[in-house]
Amino acid sequence: MELEFTAEEKAFRKEVRSFIQENLPAETRQRVKEGRGTSREMMVEWMKILAAKGWSAPRWPAEYGGPGWTPIQQYIFLEELQFNHAPEPQGFNISMVGPVIYTFGNEEQKKHFLPKLLDCEYWFCQGFSEPGAGSDLASLKTKAVRDGDHYIVNGQKTWTTFAQHANWMFALVRTDPDAPKKQMGISYIVFPMDLPGITVRPIQTIDGGVEVNEVFFDDVRVPVSGLIGEENKGWDYAKFLLGNERIGIARVGASKAKIQRIKELAASMPVGEGSLMDDPRFRQKVVETEVKLKALEMTQLRVLSDIAVRGGKKPHPASSVLKLVGSEIQQTCTHLLMDVVGPYAMPKSTGGEGSNEPSVGPDWADAIAPGYFNYRKVTIYGGSSEVQRGIIAKAILGL
Amino acid sequence: MDFELSEEQQLLKDMVARFMQDRYGFETRGKYMKEPLGFDPAIWEAYAEQGLLALPFAEEDGGIGGGGVEVMIVMEQMGRALALEPWMSTAVIGASILRNGATDAQRQALAEEIIGGACKLAFAHSEGPARYDLAHVATKAETSGEGYSLTGDKTLVLWGGAADKLIVSARVSGGVRDEEGVALFLVDPSASGVSLQVYDTQDGLKAAEVKLEGVQGELLGDAPGKGMAVIRQAADEAIAALCAEAVGAMEKALELTVDYIKQREQFGRAIGSFQGLQFQASDMFVELELAKSMAMYASMCARDPDPVERSRACSAAKAQVGRSLKALGERSIQLHGGVGMTMEYSIGHYFKRLSIIDRMFGDVDHHLQKLDEAGGLAA
């Protein structure tokens, strides 16, 4: 056993870090750091910068335009992005649809889509969840009926992240309503968002922002060439995706960056003659979080080491802890920021971009409460904490 | 970065696991506890035969040259078995002190005896008001003739009654909590002026209060007054070992609990089919994995030459393991229901050992405070 990374891996980390420092646009960095979210333009600009370097798809094999990194390099890359306030590669393109296309798609689809995913010419959104199919995703009802060279799609998706930015969607649709099990009879299709009959309706979330949408399908004609893999095998492809996310899912780098920021801001927050960092009760909460984060980091490294040695074909039992604990720590960090900002959590941002209204309280304060509200999502999406606990109980403990 | 066991380490793990399985059933353990020493001397002899007492010593001292990871492997299995013998005080704390704070001649002579099974060590360091402050040493060492004469009271000396030699900390200079001025001595427990009051501990071990009145002690090493660095190193190795022991005990406690709720039926079905219990069992698993990760971290850092980094890692590990063992241990009793409250069932014994590990070499609050003083952990 060995804790240290190799000299080559350390050099790689340095290379990644200086690339980010030299190439990440300052405004993007600032917005990520303050938890304000990035615009479509900022995201695409960054993706093009990464793509030009060949780094926009850290997990992809070299033959499809990835850098061909080892699992350890992938981890280091993602950790450095997170720690240095850089946006991660557009997840729906790179982590979700890309691997499905290069694993299950035909040659034509690979040739057509993969390059356009890498530089975000195509911005994909994910059409999985439906009003009646959340944690119980296999209950989805959106149906696709074959009509010659097309599927006629009718139904509704929801929680569709950045559908307003997307020009393409990958979706799970029911192609065989009579299949003996609900997991069967589902297909995985891709199509452009400007097809007639698609309506996107934004959903404002409790933080005041719009990240998610409802998407309605009204007799949408999707060319059959958009079917990935085999008809009625879509559930298998979706499950393949879920197992694909064991590197970086704990978001250790992002939480490390948050804790660093919490300490910086706390030291700038006046309390009496000193600052909030003089309050031992506050510091104790920070240290407790640091300890748990270290335990999470070590757990992530155990899983990574297992993937590096055994290829990760069979998931390491500890990998089921990563999402569960990682999301809790992210939430703890946003609550610690609420502790830092204190009463100045109260004022809402007084104006949009370019507003002349002076901000009330520290100029970072208005993003803190929305950040805390927004991060309630992390224990809900991507398999809620309750789903994770259920998986541990059944798959690991055999209950 | 590599968290895999080597082939030799896997063999060691299998060997110790098999030994514990053969020799350490829950009922046999109960018999061992009734032995005068608090454990079965035959087990100690077997440790010697298996090479477990040679493990921590360098090859040139006749040992096997095991490091932190090997200690972790052994302690995990001892945790699973709730082993009773003074392996930690001899092969972890004792060996660490001999490695860092003894002359070559002292180390070689003692290593030979220990490896052969003829010498068990206990570490007589804690004193009443010290709580968890390692530098609190009021026991005095005064030169007398060729050697030293020791006077003072030591408390909570684990395995003090079974030890063939005591390692005693005492002050040659300075005030009670000074970092400078502490030395370590080898004391024969049968020497005149030593009185031992041996008692049972809550978790089934034996400890002693040790009173020293003008006792002859052999100075360990040749730099009296520089003992604190040696003690801190040994304490960090003990913390790493305790974390591993806790992980073994937690692992076993979770297995027992999951087995129990699979079998126990109420309302016409296994209680493990209720989501309320499943979620608690899942949370226990999460705590176990976090603790395991930190025990590995501590075992890899326990001999880090940088004392600041070493102690930061060990404090973080002890704090996390302390949190985890409480969450897991308490739930393991809860999920067993009434049966978990009984002496005759094993789960309570795991809970008790875990609860006491939490109070050894600093509890959660102590280590969080230490980390805070060191500026935290992140990045």
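Using the rule -39500 (n - 2.57) for each DSSP H run of four or more residues, divided by the residues of the protein assembly as shown, the 222 nm mean residue ellipticity is -14500 deg cm²/dmol. Exposure proxy shown here: for B:H367, A:H165, the number of other Cβ atoms within 10 Å sets the order, fewest to most, as A:H165, B:H367. Mean-square fluctuations from a GNM of chain A, with a 10 angstrom spring cutoff on Cα atoms, peak among A:D207, A:D278, A:D339 at A:D278. Legend: mean number of C-beta atoms from other chains within 10 angstrom of residue C-beta atoms, peptide A:386-396, equals 4. Placing +1 on the Cβ of every Lys and Arg and -1 on the Cβ of every Asp and Glu, with nothing else charged, gives the protein assembly as shown a dipole about its Cα centre of roughly 2040 debye.
Among the GluC sites (Glu not before Pro) in the stretch A:249-317, those placed in a DSSP loop whose Cβ has at most 10 other Cβ atoms within 10 Å are A:E273.
This ranking places A:Y381, B:Y350, B:Y47 by how few other beta-carbon atoms lie within 10 Å of each, fewest first, which gives A:Y381, B:Y47, B:Y350. In this structure, B:Q10 and B:E179 have a Cβ-Cβ separation that, at R0 = 56 Å, corresponds to a calculated FRET efficiency of about 0.85. Across the options B:L219, B:L290, B:A270, the greatest Cα extent toward the positive end of the charge dipole of chain B (unit charges at beta carbon of Lys, Arg, Asp, Glu) belongs to B:A270. Here the contact order of the stretch A:1-85, divided by its residue count and restricted to Cα pairs under 8 Å and six or more residues apart, works out to 31 percent. The charge dipole of chain A, taken about its Cα centre with unit charges on the Cβ atoms of Lys, Arg (+1), Asp and Glu (-1) only, comes to about 960 debye. Ordering A:I72, A:P202, A:M43 by the projection of their Cα atoms onto the charge dipole of chain A, which places +1 on the Cβ of Lys and Arg and -1 on the Cβ of Asp and Glu, puts A:I72 at the extreme positive end.
For the stretch B:123-232, the set of trypsin sites (Lys or Arg not before Pro) satisfying both a DSSP loop assignment and a count of at most 13 other C-beta atoms within 10 Å is given as B:R131, B:R177.
Candidate cross-link partners of A:K348 among the aspartates and glutamates, defined by an alpha-carbon separation under 18 Å and a same-chain spacing of 8 or more, comprise A:E34, A:D207, A:D339, A:E357, A:D363, A:D366. Its relative contact order, with pairs defined as Cα atoms under 8 Å and 6+ residues apart, puts chain A at 13 percent. With each label modelled as a point 7 angstrom along the Cα→C-beta vector, the A:D178-A:A26 pair spans 6.6 nm. To the nearest ten degrees, helix B:68-81 and the longest principal axis of the Cα atoms of chain B are 60 degrees apart. Across peptide B:322-328, the average count of Cβ atoms from other chains found within 10 Å of a residue's Cβ is 1. Potential lengthening of the chain between A:R201 and A:K394 amounts to 65.7 nm, from the contour at 0.36 nm per residue minus the alpha-carbon distance.
By the rule of a C-alpha distance below 24 Å, with chain neighbours fewer than 8 residues away ignored, the lysines paired with B:K206 are B:K31, B:K34, B:K120, B:K154, B:K165, B:K252, B:K318, B:K326, B:K352.
As a rough footprinting exposure proxy, the listed residues A:C333, B:C243, B:C301, B:C119 were ranked by other beta carbons within 10 Å of their own, and the order from fewest upward is B:C119, B:C301, A:C333, B:C243. If I require 27 Å or longer along the helix axis, counting alpha carbons, and a Kyte-Doolittle average no lower than 0.5, what helices from chain A are left? Use full DSSP H segments. Answer set is A:319-341. Restricting the GluC sites (Glu not before Pro) of the stretch B:291-379 to loop positions (DSSP other than H, G, I, E, B) with no more than 12 neighbouring Cβ atoms within 10 Å leaves B:E344.
Within the same chain, lysines fewer than 8 places from A:K314 are excluded, and of the rest, those with a Cα less than 18 Å from its Cα are A:K239, A:K323, A:K394.
Here the stretch B:78-226 is treated with +1 on each Lys and Arg Cβ and -1 on each Asp and Glu Cβ, and its dipole about the Cα centre works out to around 300 debye.
Where a number appears in this text, it was derived from the coordinates with a stated rule and is not lab data. Please read all numbers here as calculations on a predicted model, not as lab measurements. Cβ coordinates were reconstructed from backbone atoms using ideal geometry, including for glycine residues, and neighbour counts include every protein chain displayed.
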